[in-house]
Amino acid sequence: MAARELNGSPAVFLDRDGVLNAAVVVDGRPHPPRHVDEMTLLPGVADACDRLHAEGFALVCVTNQPDIARGTTTAEQVDAINQQLVDALQLDAVAVCPHDDADNCDCRKPLPGLITQTADRLGLDLRHSVVVGDRWRDVEAGRRAGLPTVFIDHDYEERKPDSADAVADSLIEAVPSIISLSRRAAGVPRE
């Protein structure tokens, strides 16, 4: 699904629901939209993606979608939502973990497999990459991959990450932190 030459590029690994598009919140807990017609971009996301691309980042969506394993949605429905996001945001790639915890895979966040395997496949520069997510699993996966992390805090009624390098209310608000964290990892002084 790569749209341009990515080899050697730093990446922003973006969770999907709650970072790029609105999560469906039920009883204080986030859930993915089940169909394309339920998917809405969060405010400022398109501008944030444009700014990150302009800074030279590959934009890679890394998303747990356990509802596929649970049988409450299909891989085709997930793919349709992902394709709409690729088209709207010019994402460079999307990587999906379709498993549930009981499957014991190495790609389900909080394990780092989805990030590291996708980086290897696309030839991305992990040394200067950043992970952005709205749940503890996203932040922990980034930590386990050895990357700086940004937590998008929607104040869900669930466990928060133990630590993140930065916290923001939205992806657009997180852009300066993402750039700063990447530069710090690269040893580039702040502007």
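The values are calculated or read from the model by the stated rules, or taken from the named source; none is laboratory data. Source: prediction; values computed, not measured. Here the Cβ positions follow ideal geometry from the backbone for every residue, glycine too, while neighbour counts run over all protein chains shown.
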* Asked: Among the listed residues 86, 96, 78, which satisfies the condition of being assigned to a strand (DSSP E or B) and not acidic (Asp, Glu)?
  -> 96
* Cβ pairs under 8 Å, 6+ apart, first in segment 89-110 and under 23 Å from residue 50 (Cα atoms), second assigned to a loop (DSSP other than H, G, I, E, B) and at pLDDT 95 or above -> 89/20; 94/16
* Asked: Of the numbered conditions (1) aliphatic (A, V, I, L, M); (2) at pLDDT below 95; (3) surrounded by fewer than 21 Cβ atoms within 10 Å (Cβ to Cβ), residue 46 satisfies every one except a single condition; which is it?
  -> (2)
* Can you tell me which of 144, 127 is within 23 Å of residue 107 (Cα to Cα), in contact with a Pro (Cβ under 7 Å, 6 or more places away or on another chain), surrounded by fewer than 18 Cβ atoms within 10 Å (Cβ to Cβ) and not hydrophobic (A, V, I, L, M, F, W, C)? -> 144
* Where residues in segment 19-40 are crowded, with 21+ Cβ neighbours inside 10 Å and touching a Leu at 6+ places or on another chain (Cβ under 8 Å), which of them is nearest to residue 92 (Cα to Cα)? -> 20
* To do: Could you check how many residues of segment 129-174 are in contact with a Leu (Cβ under 9 Å, 6 or more places away or on another chain), among the hydroxyl-bearing types (Ser, Thr, Tyr) and either part of a loop (DSSP other than H, G, I, E, B) or more than 19 Å from residue 95 (Cα to Cα) (or both)?
  => 1
* Under the condition of being of a type in the set (Gly, Ala, Ser) and over 12 Å from the mean Cα position of the chain (by Cα), which residue from segment 71-119 is surrounded by the most Cβ atoms within 10 Å (Cβ to Cβ)? -> 119
* Please specify each residue of segment 99-116 satisfying the condition of being part of a helix (DSSP H, G or I) and either in contact with an Asp or Glu (Cβ under 8 Å, 6 or more places away or on another chain) or more than 29 Å from residue 72 (Cβ to Cβ) (or both). => 113
* Are there any pairs with C-beta distances below 9 angstrom linking a residue in segment 137-156 that is farther than 17 Å from residue 64 by Cα to a residue that is among the aromatic types (Phe, Trp, Tyr) and crowded, with 19+ Cβ neighbours inside 10 Å, with the two at least 6 apart or on different chains, and if so which? -> 147/13
